[in-house]
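Trainee: Dropping a structure here in structure tokens format, bear with me for questions.
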Amino acid sequence: MQVTLTADGGINVCAAKWNRRAFAQELEAMRQAMPMTESVVEELRRRARY
């Protein structure tokens, strides 16, 4: 789906062509660009301990 918000507050929703390969490449590029940080789950577990 492709959603566009217009200047007058309208919303246009239409089906978008979807390319699985392009989507996978985009996800991989975003993943590569993310900095390596500490695991969020591990941090939450540490905080949950008494």
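Trainee: Hey, can you tell me all the residues within the chain that are surrounded by 10 or more Cβ atoms within 10 Å (Cβ to Cβ) and not small (Gly, Ala, Ser)?
Mentor: Gln2, Asn19, Phe23, Gln25, Glu26, Leu27, Glu28, Glu43, Arg45, Arg46
Trainee: Tell me which of these Glu26 doesn't satisfy, since it passes every other one: (1) part of a loop (DSSP other than H, G, I, E, B); (2) within 16 Å of the chain's Cα centre (by Cα); (3) charged (D, E, K, R).
Mentor: All conditions pass for Glu26, except number (1).
Trainee: For the condition basic (Lys, Arg) and either at pLDDT 85 or above or at positive phi (or both), what is the one hit in Arg31, Arg49?
Mentor: Details: Arg49 fails: either at pLDDT 85 or above or at positive phi (or both).
Going through Arg31, Arg49 in turn, the sole match is Arg31.
Trainee: Out of curiosity, is Thr4 of a type outside the set (D, E, K, R) and assigned to a strand (DSSP E or B)? Even if it seems obvious, please write down each step before you answer.
Mentor: Working: of a type outside the set (D, E, K, R): yes; assigned to a strand (DSSP E or B): yes.
For Thr4, the condition - of a type outside the set (D, E, K, R) and assigned to a strand (DSSP E or B) - is met.
The values are calculated or read from the model by the stated rules, or taken from the named source; none is laboratory data. All of these numbers come straight from a predicted model, not from anything done at the bench. We place every Cβ from the backbone using ideal geometry, glycine too, and count neighbours over all the protein chains shown.
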